[in-house]
1. Using +1 on the beta carbon of Lys and Arg, -1 on that of Asp and Glu, and nothing else charged, what's the dipole of the chain about the Cα centre, debye to 20?
2. From the residues PHE241, TYR209, SER373, which one has its Cα farthest along the dipole of the chain in the positive direction, the dipole being from +1 and -1 charges on Cβ of Lys/Arg and Asp/Glu about the Cα centre?
3. Taking springs between alpha-carbon atoms closer than 10 angstrom, which of GLY87, GLY208, GLY75 fluctuates most in the Gaussian network model of the chain?
4. In nanometres, what is the gap between the two model label sites at GLU235 and THR249, each 7 Å from Cα along Cα-to-Cβ?
5. With all protein chains present, how much of the accessible area of the chain (probe radius 1.4 Å) comes from carbon and sulfur, to the nearest whole percent?
6. Whole angstrom only: what separates the Cα centroid of the stretch 310-327 from the Cα centroid of the stretch 341-394?
7. Give, as a single signed number, the net charge of other residues whose beta carbon lies under 12 Å from the beta carbon of ARG63, with Lys and Arg counted +1 and Asp and Glu -1.
8. Could you tell me the relative contact order of the stretch 129-278? Use alpha-carbon pairs under 8 Å, at least six residues apart, and round to a whole percent.
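The values are calculated or read from the model by the stated rules, or taken from the named source; none is laboratory data. These numbers come from a predicted model, not from an experiment. Every residue, glycine among them, receives a Cβ derived from its backbone with ideal geometry; neighbour counts consider all protein chains shown. To get the accessible areas, we keep the full protein, side chains included, count just its heavy atoms, and leave off ligands, DNA and RNA. Shrake-Rupley method; radii C 1.70, N 1.55, O 1.52, S 1.80 Å.
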Amino acid sequence: MPEIRAIRENEIEWAAELFNNSFRIGMDVARGWTNNMALDETIAVVEPNRVASFVRMNKYRVRIGGGEMAMGGIGGVATWADCQGKGYAGKLMRESVRLMRERGDAVSALYPFSHRYYGKFGWASMGDRIVYKNAIQSDIICHEERAFVRWCRGEEDIARLNDAYMVYSSRFNGMALRSNATWAERLKQLSAEKGQAYLIEKDGACLGYFFCEHLPAQPRGYECVVRDFACNSQEAFRAMFGFLSTLPTNVAKISVSAPASLPLWDYYKEPFILMKWALPFQYRVVDVERAVAARGFLVDAKGKIAIKIEDSCGEWNNGVWEIEVSDGKGEARLNQNAKPDAEMSIQQFSKIFMGALDAPFLARQGFMPNILSATLAKINDIFRDYPVHLTDAF
Ligand SMILES: CC(C)(COP(=O)(O)OP(=O)(O)OC[C@H]1O[C@@H](n2cnc3c(N)ncnc32)[C@H](O)[C@@H]1OP(=O)(O)O)[C@@H](O)C(=O)NCCC(=O)NCCS
């Protein structure tokens, strides 16, 4: 019988073999994925001679509504090809929810290969993103603020990168805090893949940063992809786009991936850029009581609401929760005798909690039947503060 447990030191190579088999990435890349792996952040189905299925729960901290909480970032979900369809990964996903709660996580995020697959375990899709694809230099307005852009000198600029990131990420729900080690790893990865990082500075003040990744383009040259950026003023955006408008001609395409809540059309000459709308990640509330207590709320958000939640993977979340919010703080108390104002799944609650749902608007379109409009308005007043966003890695 296979065991379900964290992997051990002598099984790390087995995890790499599993990644190689299920993602077809070759052993070099697979071993890179297992580098510095914290064993207590893993859960696996272990057979006598291999790791048959695996899930990693990375530890992060995120801000939601201005409050900070522990987030479990799910990654490396994989099952050997000849073991798939036996329910192994499903078992591990359920177990991961229990383990994340046990170690103190309030929420969890992941980048799904299938929205429906992880939806079964309580994760809900959010964080709408627009990718402005395949522009060329002359599609972009050449603002003179491009002179504020300077090449990032690597690790010595980490404090500046982080300052800009902290300001930018405070306007969104769900962005992960980054340590010096995270920044160093990102910069290393970027330069290994021919990417470059830039800072935007004016009179000594840092207005933002952006990472340009350079991917091979067909039939020749490079595609410059900007996915990780923080622009904290209109000037900063003009600087970044002005810089992109003057990239050399061997850059054949320029793509920018941005939160949908932040329209960037003004930086292109005309609105004829190919645009892809993407739903890149999923979030889940792991522990309702802990998540509400750690979340920040707008100071004028005040109210009390009773929500009945159903969570098939986290029985501790089941029941009627009386949620009360005032003075920027919230509290959730389980009261099975309370009459609920609304009943919902953990997926729906997760979207509401993250501020991702405009409940009254959706109700008017017929998406949220059986909930009184006064309740929907209250949900918006309490939870709808910042849009949800995560860059392409935690
Ligand atoms: C995804 C994966 C981990 C599932 O592992 P598993 O142990 O077979 O998972 P389970 O047995 O719990 O579930 C199998 C379900 O996944 C579904 N599934 C598998 N691959 C899928 C895909 N590409 N798209 C949608 N669903 C998929 C199966 O249809 C099955 O659905 P069902 O439960 O409705 O019958 C495994 O297929 C895998 O390793 N894939 C390659 C690596 C990968 O993509 N990992 C996910 C990274 S986010």
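1. 540 debye
2. SER373
3. GLY87
4. About 3.4 nm separates the two model spin labels.
5. 50 percent
6. After rounding, the separation between the Cα centres reads 15 Å.
7. Net local charge, ARG63 excluded: +2.
8. Result for the stretch 129-278 is 41 percent.
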